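Presented below is the structure to which this report refers.
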Amino acid sequence: MSDGDASDDLTDAEAVDGVSDADAGTGDTADPPENDGQRFDRLPATADERVVPGRPTREELLEWWEQRYGIPPETWDGHTFWEKGNGKLWAFAADVVSPIPVEGLGLRILRARQEHWKPSTNAVQRFGTDATRNVVVLDSEEATRFAKGEDQELPRWDGDWGYVIAAHEIAGDSEASETPRATGEAGDVEPIGVGLYLHGELRSTVPKGRREDLS
Amino acid sequence: MQPLERYASLLADYDAFQAACERPLPSVVRVNTLKASIERARDALDAASVAYEATDWHPGVLRLEERGPGTSWPYFHGWLHGQEEVSALPALALDPQPGEVVWDACAAPGSKTTQIADLMDDEGLLVGNDNNLGRLSALRHNAERLGITNLAVTNQDARNFSFKPFGDRSEDEKRIEAFDRALVDAPCSCEGTIRKNPDALERWSMDHIKGIVGIQKGILRRAIQATRPGGTVVYSTCTFAPEENEAVLDHALEEADCEIREWDAPEGFETDPGVTEWNGEEYDPAVELAHRVYPHRNDTGGFFCAKLEVTA
Ligand SMILES: C[S@@+](CC[C@H](N)C(=O)[O-])C[C@H]1O[C@@H](n2cnc3c(N)ncnc32)[C@H](O)[C@@H]1O
């Protein structure tokens, strides 16, 4: 399967300027094992177990979700992590032999091997309900623009720059997201997708195949 | 419409059948409980003034009054999946459990796969296979939109499905060599989709059916082989032709280690028993335990579904 199909929201990172996608970090000249784009390889637990240069570890990944978004590491207790394609990481609810030559394995959760890791829309919709940091809560008009894929000025945000979780309030009681968010107003919010916040502007990275006009 | 006239002999109320086939199908969504409870999804639809009515037989299968599901927040969040009402049956018959190893042999674009994942609570291993790479991309897109993480996607001819990618015959303790359950939602002549695609029968021919029957038998045979003894295999199609339904089951009963099991359709959903005689052919009486779904009974598309147990 080509990694360039329309549903692939991780490749959208390349379409967003301002964030470098260049450093793939593939080691030096001694012919180390390389990432093979045709199969899935389980991520090493820690750096000590790393064989393929530049491959993120499970530990790094859990730390990253916690540091950037406050998502507790236990969130991932039931998941294994895999790389297929350069830096494309997948979360899988089971464990299987590694490497495994299949077309898909769980959910693509983020793109690593670049300076700023980029979570996928589908990952934050599913796991971002546990986030407590870098959650930008949008009002209904802003949320609608975001879902359409539009960029917008958002000077009120004074949190971190970079990839943030855009969320909004939606009717219906959530059992899943009781955590009060550092940035959110009162009440429950539901993640919409991933925004890139730069220079006072919130850019929507909702991939083409997921955009909707909800106005 | 012509090809359907051959079923007049099966239906005392053929006129009602014919009239239903000419009506367009209501637009239906299924709530994806991996992302939202049925109650929450319904509240959100209410708040967005999307009118719907729950089906008589399932609180999470909703008939929408108007527009498609694509234009509401609950849909955007992956709380809903557009799925024809009748197509929710086979996953219920399969009854997959969290933690099991389950195969969807003909999975794309994934309406039933995603429902199976939901029933498994996204735990265990679900293998979604299809031989059509283009359609697999739709399967992946749907599964990811719904937040499913227990799905492995493979691109094989289901008739010769190999566990090789999963490490069979290796020493690896994570290898997988058999399924607990398998769904064969077979490619078919699609007569039952006439309400959705009015031109569904344009390419209908007996030769086409004869060709496809070979594929159906081959996939069902492999599914039975690949499932552990005591495991469950569900066979379904969206067509009425007994050649593609009861005859395929009859063949499996004769050639493979399996028995048809009784399975009750959900309360409030009316089905007809499988037919044991057709065009001078007689089938194993057990095929009566299969379910025929005619469009006029529940105002749905047409369907066929049977539950088998693997015996050796
Ligand atoms: C009725 S459709 C499946 C619909 C799907 N189960 C769903 O609910 O969305 C039948 C599928 O079988 C696939 N198919 C046809 N021949 C096949 C084969 N030999 N092996 C695997 N898949 C096959 C087709 O590509 C098609 O996607």
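The values are calculated or read from the model by the stated rules, or taken from the named source; none is laboratory data. This structure is a prediction, so every number in the text was calculated from the model and none was measured. Positions of Cβ are backbone-derived with ideal geometry, glycine not excepted, and every protein chain shown enters the neighbour counts.
Here is a check on your reading of the model: is B:Thr237 under 20 Å from B:Val102 (Cα atoms), surrounded by 24 or more Cβ atoms within 10 Å (Cβ to Cβ) and away from the ligand (no atom under 14 Å from the Cβ)? The answer is no for B:Thr237.
Going by the conditions given, is B:Glu66 more than 14 Å from the ligand (Cβ to nearest atom) and either outside the structural domain of B:Leu183 (by TED's automatic domain parsing) or among the basic types (Lys, Arg) (or both)? Yes: the conditions hold for B:Glu66. In the stretch B:12-34, the residues that are within 14 Å of chain A (Cβ to nearest Cβ) reach residues that are of a type in the set (Val, Ile, Thr) with C-beta atoms within less than 6 angstrom, at least six apart or across chains, in these pairs: B:Val31/B:Ile38. Among the residues of the stretch B:254-290, which ones are within 21 Å of B:Ala19 (Cα to Cα) and surrounded by 20 or more Cβ atoms within 10 Å (Cβ to Cβ)? B:Phe269, B:Thr271, listed by residue number. Just to be sure I understand the filter: pairs with C-beta atoms under 8 Å, separated by 6 or more residues or on different chains, first member in the stretch B:180-193 and assigned by TED's automatic domain parsing to the domain that holds B:Gly124, second member in a strand (DSSP E or B) and small (Gly, Ala, Ser). Which pairs pass? As it stands, the answer is B:Asp180/B:Gly231; B:Arg181/B:Gly231; B:Ala182/B:Gly231; B:Leu183/B:Ser236; B:Val184/B:Ser236; B:Asp185/B:Ser236; B:Ala186/B:Ser236, since those pairs meet every condition given.
Any chance the stretch A:137-156 includes a residue that's of a type in the set (S, T, N, Q) and part of a loop (DSSP other than H, G, I, E, B)? Among the residues of the stretch A:137-156, not one is of a type in the set (S, T, N, Q) and part of a loop (DSSP other than H, G, I, E, B), which makes the answer no.
Among the residues in the stretch B:156-169, are any more than 9 Å from every other protein chain (Cβ to nearest Cβ), within 12 Å of the ligand (Cβ to nearest atom) and under 17 Å from the mean Cα position of the chain (by Cα)? Among the residues of the stretch B:156-169, at least one is more than 9 Å from every other protein chain (Cβ to nearest Cβ), within 12 Å of the ligand (Cβ to nearest atom) and under 17 Å from the mean Cα position of the chain (by Cα), which makes the answer yes.
Mind checking whether some residue in the stretch B:202-218 is of a type in the set (Phe, Trp, Tyr) and more than 13 Å from the ligand (Cβ to nearest atom)? Yes, the stretch B:202-218 contains at least one residue that is of a type in the set (Phe, Trp, Tyr) and more than 13 Å from the ligand (Cβ to nearest atom).
Beta carbons closer than 9 Å, at least 6 apart along the sequence or on distinct chains, pair a first residue in the stretch B:127-138 that is in the same structural domain as B:Asn160 (by TED's automatic domain parsing) and in contact (Cβ under 8 Å) with a residue 40 or more places away in the chain with a second that is more than 9 Å from the ligand (Cβ to nearest atom) and part of a loop (DSSP other than H, G, I, E, B) for B:Val127/A:Val102; B:Val127/B:Ile176.
In the set (1) over 27 Å from B:Phe76 (Cβ atoms); (2) within 16 Å of the ligand (Cβ to nearest atom), the condition left unmet by B:Ala152 is number (1).
When the stretch B:98-145 is filtered for residues that are out of contact with any Asp or Glu (no Cβ under 9 Å at 6 or more places or on another chain), facing chain A (nearest Cβ under 7 Å) and either within 15 Å of the ligand (Cβ to nearest atom) or in a strand (DSSP E or B) (or both), only B:Arg145 remains.
Scanning the stretch A:107-150 for residues that are under 16 Å from A:Leu196 (Cα atoms) and either without any contact (Cβ under 8 Å) to a residue 12 or more places away in the chain or surrounded by fewer than 16 Cβ atoms within 10 Å (Cβ to Cβ) (or both) gives A:Glu115, A:Lys148, A:Glu150. For the stretch B:171-185, the count of residues that are at pLDDT 95 or above, touching a helix residue (DSSP H, G or I) at 6+ places or on another chain (Cβ under 9 Å) and assigned to a helix (DSSP H, G or I) is zero. The requirement of being at the interface with chain A (Cβ under 9 Å from one of its Cβ atoms), more than 20 Å from the chain's Cα centre (by Cα) and in a loop (DSSP other than H, G, I, E, B) is not satisfied by B:Ile148.
When the residues of the stretch B:73-94 are filtered to those that are in a loop (DSSP other than H, G, I, E, B) and over 12 Å from the mean Cα position of the chain (by Cα), which remaining residue is nearest to the ligand (Cβ to nearest atom)? Result: B:Gly78. Scanning the stretch A:187-215 for residues that are of a type in the set (A, V, I, L, M) and in contact with a Phe, Trp or Tyr (Cβ under 8 Å, 6 or more places away or on another chain) gives A:Ile192, A:Val194, A:Leu196, A:Leu198, A:Leu202, A:Val206, A:Leu214. Entry remark, the stretch A:82-115: residues being touching a helix residue (DSSP H, G or I) at 6+ places or on another chain (Cβ under 8 Å) and facing chain B (nearest Cβ under 8 Å) number 10 in total.
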